[in-house]
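The values are calculated or read from the model by the stated rules, or taken from the named source; none is laboratory data. Predicted, not measured: the structure shown is a model, and the values here were computed from it. Ideal geometry is used to build each Cβ from the backbone, glycine not excepted, and the neighbour counts take in all protein chains shown.
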Amino acid sequence: MKTWFKMFWPSAQRAALVAAITGITPGCATQNFTVDSARIAAGKGDPKAQYFLGHLYEKGKGVTQDYALAAGYLRQSAVQGCAEAQNDLGACYAQGLGVPQDYVEAVKWFHLAADQGDSLAEYSLGVSYCLGRGVPTNMVEAVKWYRRSAEQNYLGAELELGDIFLGGRSLRKDYQASSGWFKMAAAQNSVRAINALGYISESGGFGVAKDPQRARQLYQQAAAAGDAKAQMNLGRMSLEGIGAQTDFIEAYKWFYLTFTTGGGRGGHYLAELEGKVNYGDFKGTTLTAEQIKEAVRRAGEFQKAHPKLGNPISQ
């Protein structure tokens, strides 16, 4: 499934996610159903049962996956005012699942759900205005809807707001505002947000003081959780002597970790430090075999101390 609009996105405020299965959280789908009992109730016009069936058919849980049936049940529930169904029907139109792809129609349903305070629909509207899908691109309007979603602690919206104020995106850069949103996301254990906070501390400006030592701490935290970008940032800082003395062995360690656990990133830095290529970045610095062995040892020790990074590196 495409990731632009995710149906049933996990969120503390996303009441329908587990309600459709457990029936224990507030929202549209609050009643326990079996497939048969849901069909009977849906036939009598119960919007909770209709939403429940829409979820099952969209996911193929206990029934044969059928996007057209899913969209049909979601529509029956949505027209009766179920906010979760309205949002998810909008997602069907945005992705062309069971219905023709139609961004204008998607936005219509997102608006109906967002007007009821559905955090995912508010986020979806933010994406719509940000990308100009179904509505003209309007970053001010995008920020408005992202903010409403983020104020309900919706992680995706917090990250989007952090990115917007970090990069501007036609708005004024504001690292203080960006930090605020990324801190909220970091409180939800987002390593992407932690790495972003490291970048803001390292670069400074736009209302935030530069603090390389703080940046290192944040990058370390994200790197320990397996974030390849943070590992690359630590390698670069060690290479350039940012916040500490230049340490080519430590730089190799981080690039080696990124290469072995982060999908092959950092290989060009390893090649240069090994003397295999010369881009001029490190003034011809080439590590000895013993130095490389020490860097790999350090990488292995770090990996053993942080199981999230995967299988330990063999020495």
Scan of region 209-228 for residues that are within 24 Å of the chain's Cα centre (by Cα) and either more than 11 Å from LEU257 (Cα to Cα) or in a strand (DSSP E or B) (or both), ordered by number = ARG214, ALA215, ARG216, GLN217, LEU218, TYR219, GLN220, GLN221, ALA222, ALA225
key: Flag for GLY132 being free of Cβ contacts under 8 Å to residues at least 24 places away in the same chain, surrounded by fewer than 19 Cβ atoms within 10 Å (Cβ to Cβ) and either among the small types (Gly, Ala, Ser) or closer than 21 Å to GLU58 by Cα (or both)   = yes
inquiry  = Among the residues that make up region 92-100, is at least one of them of a type in the set (Val, Ile, Thr) and within 22 Å of the chain's Cα centre (by Cα)?
reply    = no
task = Under 9 Å between Cβ atoms, at least 6 apart or on separate chains: pull out the pairs that start in region 199-226 with a residue that is over 17 Å from ALA186 (Cβ atoms) and end on any residue that is hydroxyl-bearing (Ser, Thr, Tyr) and surrounded by fewer than 17 Cβ atoms within 10 Å (Cβ to Cβ).
result = LYS210/SER203
The listed residue being surrounded by 21 or more Cβ atoms within 10 Å (Cβ to Cβ), over 26 Å from ASP36 (Cβ atoms) and among the hydroxyl-bearing types (Ser, Thr, Tyr), out of TYR93, TYR73 = TYR93
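Return a yes/no flag: does region 145-154 have any residue that is buried (at least 24 other Cβ atoms within 10 Å of the Cβ), over 25 Å from GLN220 (Cβ atoms) and touching a residue at least 60 places away in the same chain (Cβ under 8 Å).
The answer is yes, given that some residue of region 145-154 is buried (at least 24 other Cβ atoms within 10 Å of the Cβ), over 25 Å from GLN220 (Cβ atoms) and touching a residue at least 60 places away in the same chain (Cβ under 8 Å).
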message = Checking the structure you have, find out if any residue of region 279-298 is closer than 25 Å to ALA193 by Cα and aromatic (Phe, Trp, Tyr).
response = no
inquiry  = Being modelled with pLDDT of 95 or more, over 25 Å from ARG133 (Cβ atoms) and in a helix (DSSP H, G or I) narrows it down to one residue among GLN80, GLN86, GLN76; which is it?
reply    = GLN76
key: Search result, residues across region 197-235 that are surrounded by 18 or more Cβ atoms within 10 Å (Cβ to Cβ) and basic (Lys, Arg)   = ARG216, LYS229
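For (1) under 23 Å from ALA106 (Cβ atoms); (2) in a helix (DSSP H, G or I); (3) assigned by TED's automatic domain parsing to the domain that holds ALA106, each residue gets a yes or a no:
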| residue | (1), (2), (3) |
| --- | --- |
| ASP36 | no, yes, yes |
| GLN50 | yes, yes, yes |
| TYR57 | yes, yes, yes |
| THR64 | no, no, yes |
| GLY72 | yes, yes, yes |
task = Name the helices (runs of 4 or more DSSP H) wholly inside region 92-199 in which the number of residues that are of a type in the set (S, T, N, Q) is 2 or more.
result = 119-131, 175-186
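Looking only at region 152-179, count how many residues are at negative phi and within 17 Å of the chain's Cα centre (by Cα).
Counting residues in region 152-179 that are at negative phi and within 17 Å of the chain's Cα centre (by Cα) gives 17.
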